[in-house]
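Okay, so here's the structure we're looking at.
Read-outs throughout are calculated quantities, based only on the coordinates presented, and are distinct from any laboratory measurement. The structure displayed is predicted, hence computed values, not measured ones. Note: ideal-geometry Cβ built from the backbone for every residue, glycine included; neighbour counts use all protein chains shown.
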Amino acid sequence: MQIQEAAKALNTGGGHQPLALPDGNPFQGGNGEGEFYLSKSRLNRYIACPRSYLLHYDLVIVPLRPDRDLLIGRSTHRLIAAHHLARKKEEFIDAQSVLDSFWSKYIQKEEPPEDRQDMEAARTESFRYAQLFIRDVPLDPLEIERDFSIPLIDLENGDTLPVPLVGVIDLVDQPNGIPRPLEIKTRARKADAWQVRVALELTCYAWWVRQRIMETGAGEPDEIPVGYVNIIKTKTPTIQWQTDCRTIVDFLALYNTARAVYENIMDRRFYLNPGTHCNWCDYPAVCGKNKDAIVRNFGDAAYLRLWEADLI
Ligand code: SF4
């Protein structure tokens, strides 16, 4: 495999077109709007609980108040990405203005003081995590927040799914000459060793690297390195690296999983799959048909949509 050619293709980003960020706009393609696509978030949500997929993507039932940990994670990502983008231009970022632009819509004067204080604390936390990352994770990434939209292909018979796989890779570096997609995670505790092995999102990113390498004519890569850089949000935050690799076996499994999810969504199979994941799901009130909690968490319009969909 001609690693240098693959790296060059990544560097030049041939054909790179900015896309709508799937995580920033997770509803594109739901409800008949825009073109339908698959993403790691859609795959993971459907696999965990098809009913949750229906509620989130199809009926667009979203909490009125965004989840604090989610905001901390996004703000931390924003700062890290801004730092690396500025560094590429040999500039420095103004961290406070990056934070201002992210948090201004969540820290409003009219909010109750305790809610404002909570969001201010979350903002400070994210700054701390980004500082830790920038200090303790020395990287010179080839790509920063790299978006992609690529076909999913069955490597056994050449079949292609009719919808693309869309995603954004936090960082791509190149240790040992091989492009390596990296996902930054903010986690409450250290991840178990197996998590990096089974992570579908890392397989999606490795698939993108594999496609780019194949475009160069360099031949099928033996394996593609992937990694998590976990920011552990303990009292004294730490960094945990987890690295692994993906091979053709993983790409065959990715295709089969994606095809099953795609076909189930097209057939509108949105069954309930209750389990431990209900603990961190937004929708126990919906599944429990708790009207007061639904209106409180999601608002009247969401309640009406659920009623019209015959779900409550
Ligand atoms: S609460 Fe449980 S069953 Fe209901 S949507 Fe969420 S994960 Fe599925």
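So here's what we get for this one:
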| quantity | calculated |
| --- | --- |
| Residues Thr234, Thr257, sorted so that the one with the fewest Cβ neighbours within 10 Å comes first | Thr234, Thr257 |
| Label-point separation, Tyr271 to Val249 (7 Å along Cα→Cβ), nm | 2.9 nm |
| Contact order normalised by residue count of the chain, Cα under 8 Å, 6+ apart, percent | 22 percent |
| Total charge dipole magnitude, segment 129-242, about the Cα centre, Cβ charges on Lys, Arg, Asp, Glu only, Debye to nearest 20 | 840 debye |
| Stretchable slack from Glu263 to Phe92, in nm (0.36 nm times residue separation minus alpha-carbon distance) | 56.9 nm |
| Charge context of Leu132, other residues only, Cβ under 14 angstrom, K/R +1, D/E -1 | +4 |
| Violating pairs (Cα-Cα greater than 30 angstrom) within the set Lys105/Lys185; Lys233/Lys291; Lys105/Lys233; Lys235/Lys291 | Lys233/Lys291; Lys235/Lys291 |
| Proxy reagent accessibility, fewest Cβ within 10 Å first, across Lys40, Lys291 | Lys291, Lys40 |
| Estimated [θ] at 222 nm from DSSP helical runs (n ≥ 4, -39500 (n - 2.57)) normalised by residues in the chain, nearest 500 | -13500 deg cm²/dmol |
| Per-q log10 I(q)/I(0), segment 181-237, q = 0.16, 0.30 Å⁻¹ (Debye; single scatterer per alpha-carbon; no solvent) | -0.57, -1.20 |
| Options Leu71, Tyr46, Leu139, ranked by Cα towards positive dipole end of segment 41-160, top entry (Cβ charges) | Leu71 |
| Distance between segment 216-240 and segment 150-190 - C-alpha centres, whole angstrom | 11 Å |
| Prolate/oblate/rounded label for segment 163-312 (Cα gyration tensor, a/c 1.5) | oblate |
| Given charges at beta-carbon only (K, R positive; D, E negative), |dipole| of segment 215-273 in Debye | 560 debye |
| 10 Å Cβ shell holding at most 12 others, DSSP loop, chymotrypsin sites (Phe, Trp or Tyr not before Pro): longest site-free stretch of the chain | 93-270 |
| Segment 67-184 shape via C-alpha gyration tensor axes, a/c threshold 1.5 | oblate |
| Amide proton proximity set for Asp147, modelled H, under 5 Å, gap of 5+ | Ile169 |
| Segment 3-266, Rg to Rh (Cα coordinates; Rh as Kirkwood inverse mean 1/r) | 0.96 |
| Cβ-placed point charges (K, R +1; D, E -1), dipole of the chain about Cα centre in debye, nearest 20 | 720 debye |
